[in-house]
1. Quick one: what does P(r) look like for region 166-206 with 10 Å bins over all Cα pairs, in whole %?
2. Can you work out ³J(HN,Hα) from phi for every residue in region 596-613, in order, using Karplus 6.51 cos²θ - 1.76 cosθ + 1.60 and θ = phi - 60°, giving whole Hz and x for Gly and Pro?
3. For the chain, what proportion of DSSP beta bridges, expressed in % and rounded to the nearest 5, is antiparallel?
4. In bins 5 Å wide, starting from 0, what share of all Cα pairs of region 334-397 does each bin hold, as a percent?
5. By how many nm would the segment from R30 to A256 lengthen if fully extended, with 0.36 nm per residue of separation less the alpha-carbon distance?
6. Near the amide H of V537, under 5 Å away, which other amide H atoms are found, from residues 5 or more places off or on another chain, if H is placed in the peptide plane?
7. How high is the FRET efficiency between A529 and A98 when r is their beta carbon distance and R₀ equals 60 Å, given to the nearest 0.05?
8. Which of these values of Cα extents along the principal axes in Å was calculated from the structure shown: (1) 103, 77, 42; (2) 74, 71, 50; (3) 88, 64, 51?
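The values are calculated or read from the model by the stated rules, or taken from the named source; none is laboratory data. Fair warning: this is a prediction, and the values are worked out from it, not measured in the lab. Cβ atoms come from the backbone with ideal geometry, glycine included; neighbour counts cover every protein chain shown. Note: accessible area is taken over every heavy atom of the protein model, side chains too, but ligands, DNA and RNA are not part of it. Shrake-Rupley method; radii C 1.70, N 1.55, O 1.52, S 1.80 Å.
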Amino acid sequence: MDPALAKASSLAQSGRFDEAAERYRGILRRRPDDAEATHFLGVCLVRSGRPSEGLALLERSVTLAPGNAMYRQNFGLILAEAGQLAAAEAQFRSVLAAEPGNASAHNFLGMACQRLGRLDEALAAYESALRLAPGDPAAANNLGYCLLERGEAEAAEAWLRRALAAAPDNAMAHNNLGNALRLRGDVQAAVQSYRRALALAPAFSDAYYNLAMALRDLGERLEALGAARRAVQTAPPRSPAWQLFAELLAVTRFTAWDEAMAADCQRLFAHAEVEVQICAEALLSLVRHAPRGALFRLLLEHALVADEDFEREMTAWRREQLLERPESLELVCALAQQCFLNEYLWEESEAETAALEGLSSRAATALELATLAMYRPLRGHAKPREGGDAFERLWRRVVEEPAAEARLDIPALTPVRDAVSRAVRAQYEENPYPRWHRAPAPGAFPLRRMLRQLFPHLDVRTLPEAPEILIAGCGTGRHAAISAQLHPRARILAVDISRASLAYAQRRAHELGLANVRFAQADLLELGALAERFDLVECAGVLHHLADPLAGWRVLVGLLRPGGLMKVALYSELGRRRITQARRLVAGLEVRAARRRLFELPAADPAREVTRLRDFYSASGARDLVLHVQEHRFTPEELARMLDALGLEFLGFEFTDNTLQAYRRRFPEDPKGLSFDRWGEFEREHPDTFASMYQFWVRR
């Protein structure tokens, strides 16, 4: 090698990329068309944080030396790192066109196809690599991981063990083996694999994340939280790890102030794609042991706090801010945000009402307007010139965002003629539900992969890679936003009966940059007139609000292509038994009076348990929970009769916990969990199994 190139290469291999880059530039000043210097300067620039410059040089290097397979492979790998997977695939295919026996190029092609969601092509590429290089542990690991994504845990385990036999210190293969073992139900063994991966690579964030998931499966919540915390500490920008941290934090309650934990919790709020709502009460238990500082203000601003004592405390504190002297603009703005989140649900005294009448007419400064915003919307008020960051955030949420929603043009697909549909629409126009401000960013999890994991026995090959999806009854769009991210190649139509809900949904989808979902107003009962047909229809929490749920369901079945799938969620009679009692007690009341009556019940009264539910702590949530204008509930046996009437095949319930494992232990003769009679028996033995809803999949 040329001595100048050799010195530059040595610097690059030792990680001194800036120094190496200067050496390569010196060579290129003398020899502008030197392919090697051009190529490795590009690599150095990418590695030192200048990817666009580096990629341009890498592309030039393959032009200068079109027959150099290593240059093309490096270019392809760095394109893949940059997320340019189609371009990376093209480079690997170019290498293979010239060198069909290049095992590493087959392996890299498999990686690109796998990340593009084309698992069958990826498997073929890995198999080609292994035919050419049977002992290659990297290709064996990748083949195992690909099989794992297909839901073929047993085959995946065999290939991952083969990879580890060849390279026992491969931390990634140990991590992947843990995933295969967990999918097969051997969670203890999975934990050991994750721990082995971490012993080899102590900063391996994915292994900490997977370890946390496995420990959660085992009921080791505190250890799981510790592992999730290490996952976010070792890779702070990783959204799924932060989301898992929030979910595990949710079941924690603090009895003392923990400064280090508080710092991690503050960082949690910096990730706008993480749903912090789920851990609001856990954070409340922490901030109660410290002065009202930054974490307290973040909690008030970003999460609806569902706690009876907190509501009483904050109602009294709000009264003090209004009738006496506000403590600070920042605190008043934070409390006003909390009041906006609960839709001004808290009780107010006659003295407060009288004071607000005067304040409403004179409020002009940021502090006066923020004080008013603790009780009322700020429609019609002028924005002051100076308010500071906290006031700017408050003004944007309570004034600018609702105004933007009012200006949106929402297309109407159908009329609304049914009387019950009109009543339901009126409820959600007044109280769009649910109000959400953050949604998890789950990352791509295409439909085929999702179904393989949920139902390994299901043949999903007939489903297109880019499915057409209908979300029937999308409400304020949270479900649609998550689905659009899970299925980035899908085309999604999300409809709802309420224009106010749809405006909220459309604004949030636009803010999240979701281009594969469109919104329209429609009555589910009238959708039969649509010319479109869908591969998947999702209808969660909607059919039970129709006058005739079976009639609405029949309309949706007619919109499915043959072999199409539906995901449905319906209320359980047993699961909602306490809510049903509460509904009877408050029938005919307005929201505040209904809540007052339920708060006054004895602690032992089953109906009072609804006061522990998050929905009870916002106006739209409480109305949906105990004052909905129309509600049906079902049993497993009734579900079976409805599916028979519709000619639908039951694929199984969907759970987020270990319910299916408990069911299998109880009924080993039904391992797929397809017997409604047995589920009925199981639910009678465990009446809170479907406390939220029955969530299940069916096929036409």
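1. Calculated over all Cα pairs of region 166-206, the distribution is 38, 52, 10 percent.
2. After applying 6.51 cos²θ - 1.76 cosθ + 1.60, I find 4, 5, 6, 5, 7, 5, x, 4, 7, 5, x, 5, 6, 4, 5, 6, 8, 8 Hz.
3. 30 percent
4. Calculated P(r), rounded to whole percents: 3, 18, 32, 25, 16, 5, 1.
5. 74.7 nm is the gain from fully extending R30 to A256.
6. So V537 has HN proximity to L470, L565, M566, K567.
7. 0.60
8. After the calculation, the listed value that fits is (3).
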